[in-house]
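Reading through the structure tokens given below for one structure.
The values are calculated or read from the model by the stated rules, or taken from the named source; none is laboratory data. In this text the structure is predicted, and so the values were computed from the model without any measurement. Cβ atoms come from the backbone with ideal geometry, glycine included; neighbour counts cover every protein chain shown. When the accessible area is computed, the model is the full protein with side chains, heavy atoms only, and any ligands, DNA or RNA have been set aside. Shrake-Rupley method; radii C 1.70, N 1.55, O 1.52, S 1.80 Å.
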Amino acid sequence: MNGEPKTLISILVPALNEEQNVVRCYETIVRVFEKLPEYSYEIIVTDNHSTDRTFELLEELAAKDRALKVIRFSRNYGYQRSLLCAYKAATGACSIQLDCDLQDPPELIPEMLQLWRLGHQVVYGIRRSLQDNFFVATARRAFYRFITWISDDELPVNAGEFRLVDRRILVELHKVDDASPYLRGLISAMGFSQIGLEYDRADRAAGESKFPLKSMISLAVDGVLNHSLLPLRFASISGIMIGALTLLLTFVYLIGRVFLGQHWPAGFATTTILLLMSISINSIFMGILGEYVGRLFLQAKSASNPIVESRLNFPEVVTLVARETR
């Protein structure tokens, strides 16, 4: 065993203002791999331009351990885009993504690696329980089921970002150029052999959540628009139904007026309500179309590649290649 080369595993950790967690997260990962002598590791932390001491602490750790690699962006590019950058930088035989707040336990890494060794290209964590309040937990689970229902792809229910992906998946992710990626859905849609691993999500070790309600809603919108044409189809079907209803009412009005001698009241209020309803429906559907057109606009601008401010412990040749590919 000592003469055999160790299998390199890439650990991907996104961070934003995690000065209270980043050292603890690094030390926990290192302790896990001390019990896995057949594996070596690289820890890739993507710092989304933290404004606290997160990057300073990472610099101190990286100076002591060359296996810790850090990518600091010039501004906050969002959780999903920073993760995609980390996936593209991974050089291991597989990668494992986990959050810096340790809500996803690194202690499950050996079990994930065991399932990977059995031939599964993706091992995703299934959140058996959540530490969120009742409203947030219910909304999360409802969204998981909703997006699975509307999606053309097979997306696992209650699966978050905690997952292992094989090198084969990493190669495919390197080809992705998306200004608004939804990685959990993107990876699930790639197929291959995928298996879930249930776990209980823990409380944050320290600090505050970087995922307020606004970010959750934004992620949900990205998930729906990236994996389903249902909103567009809903707009089309609704337009057809409203048009058919209008034609039917017009036909009834003509029959009553011409053949039955009915004298309808002026109906100013009814006419006004129908006009306002039509304007509202058109506005809603124009908004839906605008969401898709906006994504095409961002994609056309090639805005999907975050600007890197600093790299720590990346070989110069890798940095040059990365710059050329961008």
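Summary table below
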read-out	value
Search result, residues across the range 1-51 that are assigned to a helix (DSSP H, G or I) and among the charged types (D, E, K, R)	Arg24, Glu27, Arg31, Glu34
Test: Leu58 is in a loop (DSSP other than H, G, I, E, B), in contact with a strand residue (DSSP E or B) (Cβ under 9 Å, 6 or more places away or on another chain) and at pLDDT 90 or above	no
Residues (surrounded by fewer than 19 Cβ atoms within 10 Å (Cβ to Cβ) and outside any loop (DSSP other than H, G, I, E, B)) located in the range 64-77	Lys64
Residue in the range 78-95 that is farther than 26 Å from Lys6 by Cα, open to solvent by 10 Å² or more (accessible area, probe 1.4 Å) and either among the small types (Gly, Ala, Ser) or in a loop (DSSP other than H, G, I, E, B) (or both) present	yes
Restricting the range 96-126 to residues that are in contact with a helix residue (DSSP H, G or I) (Cβ under 7 Å, 6 or more places away or on another chain) and in a loop (DSSP other than H, G, I, E, B), the residue that is most open to solvent (accessible area, probe 1.4 Å)	Gln121
Residue that is surrounded by the fewest Cβ atoms within 10 Å (Cβ to Cβ), among those in the range 1-50 that are under 20 Å from Ala63 (Cα atoms) and among the aromatic types (Phe, Trp, Tyr)	Phe33
